[in-house]
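One structure below.
The values are calculated or read from the model by the stated rules, or taken from the named source; none is laboratory data. Please read these numbers as outputs of a predicted model, since none were measured by experiment. Here the Cβ positions follow ideal geometry from the backbone for every residue, glycine too, while neighbour counts run over all protein chains shown. Surface accessibility is based on the protein's heavy atoms, side chains included, excluding ligands, DNA and RNA. Shrake-Rupley method; radii C 1.70, N 1.55, O 1.52, S 1.80 Å.
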Amino acid sequence: MCDVIRTFPEENWVAGKITQYGHGVCAQNGQDCGCAPDEHSYAISWEQDKGSGTDSSRFLAAGARQSFWLRTKQGFLAEGLPLLRTALDEIAVEGSAELPTLILESNSVMQFISPSLYFAVIDASREDFKDSARGALDRADALVLRGAKNEGPLAEPEWMKLPSQLMREVPSVRQLEGEPLPKPLQVLIRRVLEGPADVLV
């Protein structure tokens, strides 16, 4: 996401991360990371600090106009989305005539929206490949294969088990850590940014 924001700095980006948690801890890694709202099933917070080290702060540092973090209990994302819609509506009213361009880090939100563009980012070195990511792969406009620069040829470990048909039908590009956004992705993104917005909620 940061690479996309940096590559198109002229866009009025509003960037967000969505996290679902279970049993009082973050569902992302099973560890208590303080993301769970204490009293409610969902909460949204807006990042103010570009240097805090969180994902939402990195979005700001990359050039996003605003950045948020939406947290919900497992199974409560549908209930949390109206909170997000309201917050985005307020931004549109308070801001300029130019509507913001929304960019999200989330797989589970694909149950509820049809985005203008969806990239599935896959890192073979990480085994935390979520079921929500696997379930949305066939909707991806492109697969972004990540890895460290010193890894050599891209490995496909057993946990990935990507269907061969998917690999044939969905374009894929490799982007090692620290490399700029690949040109094929830039072309796809520019095409969408220059066209009419068509997100369906």
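Considering only the stretch 1-52, state which residues are within 20 Å of Ala120 (Cβ to Cβ), surrounded by 12 or more Cβ atoms within 10 Å (Cβ to Cβ) and at pLDDT below 65.
Within the stretch 1-52, Ala27, Gln28 meet the criteria.
Sort through Ala78, Ala61 and tell me the only one that's at pLDDT 90 or above, open to solvent by 20 Å² or more (accessible area, probe 1.4 Å), out of contact with any His (no Cβ under 8 Å at 6 or more places or on another chain) and more than 29 Å from Arg191 (Cα to Cα). Don't jump to the end; show me each part of the working.
Working: Ala61 fails: more than 29 Å from Arg191 (Cα to Cα).
Going through Ala78, Ala61 in turn, the sole match is Ala78.
Which numbered condition trips up Glu105, out of (1) among the acidic types (Asp, Glu); (2) at pLDDT below 90; (3) closer than 14 Å to Lys17 by Cα?
(2)
Given the stretch 118-195, what helices (runs of 4 or more DSSP H) lie entirely inside it while holding 3 or more residues that are modelled with pLDDT of 90 or more?
Values: elements: 131-136, 164-169, 183-194.
Ranges flagged: 183-194.
Out of all the residues in the stretch 174-191, which are open to solvent by 70 Å² or more (accessible area, probe 1.4 Å) and aliphatic (A, V, I, L, M)? First the steps, then the outcome.
Step one: filter the stretch 174-191 for residues open to solvent by 70 Å² or more (accessible area, probe 1.4 Å), giving 174, 177-178, 180, 183-184, 187, 190-191.
Across the stretch 174-191, the qualifying residue is only Val187.
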